[in-house]
Structures are given as C-alpha cells and as structure tokens.
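Beneath this line is the structure, given in structure tokens, with notes to follow.
Nothing in this text is a laboratory measurement; each read-out follows from the coordinates by a stated rule. Model, not experiment: these values are computed from the prediction. With ideal geometry, Cβ positions are generated from the backbone for all residues, glycine too; neighbour counts draw on all protein chains shown.
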Amino acid sequence: MKKQIFTFLFLIVSVIMNQQTRAQNFLAEQYIKSASIVLDGKMDDVFPLFTVLGEKKWSSGWNPGLIFPASGNMEEGLVFQTPDHVHGAPSLIWVVSRYNTIAHQIQYTITSPIRVVIISISCTSLNGKSTKAEISYKLTGLSKDGNELSHHLITKMFADNLKDWETAINNYLEKSK
C-alpha cells in the first residue's frame, strides 16, 4: 500500500513539475489592433449600439447569454457569455470592465481557457450628425494555441479595418430613421 501511495504521489509531483516547466517555457504573445469607423448618426444614438443588447440590432447572429444582471442592464460588472470562435471550445465569458456614458466609452474583458481579449470602444461626435468610433482589440494568448488563435482572429477581424462593422451599423441607422 505504501508503494502505491508513493507511486501515486510521484505521478502527481511529476505532472505538477511538467506543468511548471511548460509554463516557464511558454511565452505569451499579445496582438493589438485599432480602427476608426464613421457612423451616420448622432453620438447618443450610436453609442448604445455598442452595448451587449444594442449590438443585437445590427450584428446578425449576436445572441449573448446574460449571466448577471439577467436584465442585461448595461453597467460595469455586467457578465455574459457567447460561443467561442473555435467549434467545441467552452463559451467566452465577457465582463463589462468600463462603461462611461459621459465619456462615451465601453470596455469589455473576455476570457477563455487559452486567451484573454480586451475590447475598448470610444465614441466622439464629428459634427453633431455623425460619430467616430475608435475600436481597439488587445488579444493575449495564454498558451501556444492561444497565441496562434489570437493572431489568426485579429488578422481576420481587421482585414478590412472593421469596415464590415461600419457598413452594418450604418445600414441599421438608415433603416431606423
């Protein structure tokens, strides 16, 4: 019995040491991209479109699962989830880490087992009739796979500098007039 316990403990220590060695050899990578889009609407009409429920109005397929508060009332600390971009991966957990209606800024922190993403959005009025939205993504890999996926996702997302967002939001704004 003592030999079995010793063997079991040895295996546990070996697994822990292997994990620590992998962690020491792993080098996280971070990818940062930003883009500005011009939206054909007043800032007070545009800014809410970047909230968790506002995005449903212009982004087909956006269907967040609200966790807290269940109402989806936009506030710092709101938590929700969405499917990951990787088929079969656990859901992404989103937290509203900044929500400032006076400065027209929103920040989301998104976590998964292999990456962390920070999305920052800041809106400014251009002429009282249109709005510039500055959108920044910061993706950090938490593993080799996380590094590779982060690079792939940011490259794909910013291939057209978020012009697909600009088009979708402007189409929504035009239809809602």
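Results, tabulated for the structure shown:
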read-out	value
Lysine pairs within the range 28-175, Cα separation less than 18 Å, 8 or more sequence positions apart or different chains	15
Sorted by Cβ neighbour density within 10 Å, fewest at the top, the residues Leu153, Leu39	Leu153, Leu39
Karplus 3J(HN,Hα) series, Hz, for the range 109-120 with 6.51 cos²θ - 1.76 cosθ + 1.60 (x for Gly, Pro)	10, 10, 10, 8, x, 10, 7, 10, 10, 10, 10, 10
Cα-based Rg and Dmax for the chain, where Dmax is the largest Cα-Cα distance (Å)	20.7, 79
Over the range 28-175, relative contact order from alpha-carbon pairs under 8 Å, at least 6 apart, %	31 percent
222 nm mean residue ellipticity, helices alone, for the chain (DSSP H n ≥ 4; -39,500 (n - 2.57); rounded to 500)	-10000 deg cm²/dmol
